[in-house]
Amino acid sequence: MINTLKSYKELSSTVADIVEYQIQEQPLSKLIFPTGSTPLGMYKELVSRELDWSDVITFNLDEYLMNPDHPYSYHSFMRKNLFDRINIYPDHYHFPYRPTLSFEDTMYANKGIDLCILGIGSNGHIAFNEPGSSFKSKTRVVDLSEQTIQDNSKYFDSIDDVPKQAITMGLGTIMESKKIILMANGNHKLNILNVAMNGEVTEDVPASILQKHKNVEVYYCD
Ligand code: GLP
């Protein structure tokens, strides 16, 4: 179930191929995108391929509760690494917002999500669904765990600058995607990846819910 690739370059190009194929086959695709260090190479690949994004609609998995214009926000991350470098319309990309129910309505308007790309946190979180999150959860405001604050502090000037809360898509929402790709980079992710994909399906390991999805692919490289 876990596809092990030879290098980070191959991980990035393999997942970029899947996104490219989706957009070529269905120009009006709806996609879910992640942030973090893992997808950076994939975004770089996608930018270099000069695809036509003019009919594509995207939804990001999560955002810190902070000013979206802050340089370390996920809005800024996505604009810098993808959106400002492709021909997507600014009103075609979305981040979770309040009221969360209207965010979900926007996601499901006309049809659901065609393809969802995920990373995984060191505690098994997907998006910001921390251990203990309900498998039925929808978009909502959450408290970040100590582990996640610690892990993500490398992106901020100091650990005290890391927001303590975020707004995240829920596990129930993510699971409604027609196809899901989970990407993980680095040996430090291998143990949690094995626990999530081969261990018990439990809310203590949020990513384990993916075992219940009919169309999920997992790509890993060390
Ligand atoms: C953050 C994001 C997750 C992401 C995780 C892993 O917590 N909310 O969506 O999967 O980090 O990040 P990295 O790829 O940097 O290990």
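Things to note:
- The largest accessible area among 164, 111, 189 belongs to the first residue in 164, 111, 189, and the rest follow in falling order (1.4 Å probe, all chains).
- Computed from the Cβ-Cβ distance with R0 of 30 Å, the FRET efficiency linking residue 55 to residue 200 stands at 0.15.
- In the chain, helical runs assigned H by DSSP with n ≥ 4 each contribute -39500 (n - 2.57); averaged across all residues and rounded to the nearest 500, the mean residue ellipticity at 222 nm is -8500 deg cm²/dmol.
- The chain - percent of accessible surface contributed by carbon and sulfur, probe 1.4 Å: 49 percent
- log₁₀ of I(q)/I(0) at q = 0.13, 0.17, 0.18 Å⁻¹ - the chain, Debye sum with one point per alpha carbon: -0.71, -1.32, -1.52
- Nearby lysines by direct alpha-carbon distance to residue 179 (threshold 27 angstrom, same-chain neighbours under 8 apart not counted): 6, 9, 30, 44, 80, 111, 136, 138, 189, 212, 214
- Accessible-area order (highest first, 1.4 angstrom probe) of the listed residues 66, 183, 1: 1, 66, 183
- Of the peptides 168-181, 92-105, the order by per-residue mean of other Cβ atoms within 10 Å, starting with the highest, comes out as 168-181, 92-105.
- Distance between the pseudo-spin-label points of residue 188 and residue 92 (7 Å out from Cα toward the beta carbon): 3.6 nm.
- Between residue 147 and residue 135, the contour length at 0.36 nm per residue exceeds the alpha carbon distance by 2.3 nm.
- The residues of segment 2-221 expose on average 45 square angstrom of accessible surface per residue, using a 1.4 Å probe on protein heavy atoms.
- Candidates 157, 143, 55: whichever shows maximal mean-square fluctuation once the chain is modelled as a Gaussian network with Cα springs under 10 Å: 157
The values are calculated or read from the model by the stated rules, or taken from the named source; none is laboratory data. As the structure is a computational prediction, the values presented were derived from the model and not from experiment. Here the Cβ is made from the backbone with ideal geometry for all residues, glycine too, and neighbour counts use every protein chain on show. For accessibility, only protein heavy atoms count, side chains too; no ligands or nucleic acids. Shrake-Rupley method; radii C 1.70, N 1.55, O 1.52, S 1.80 Å.
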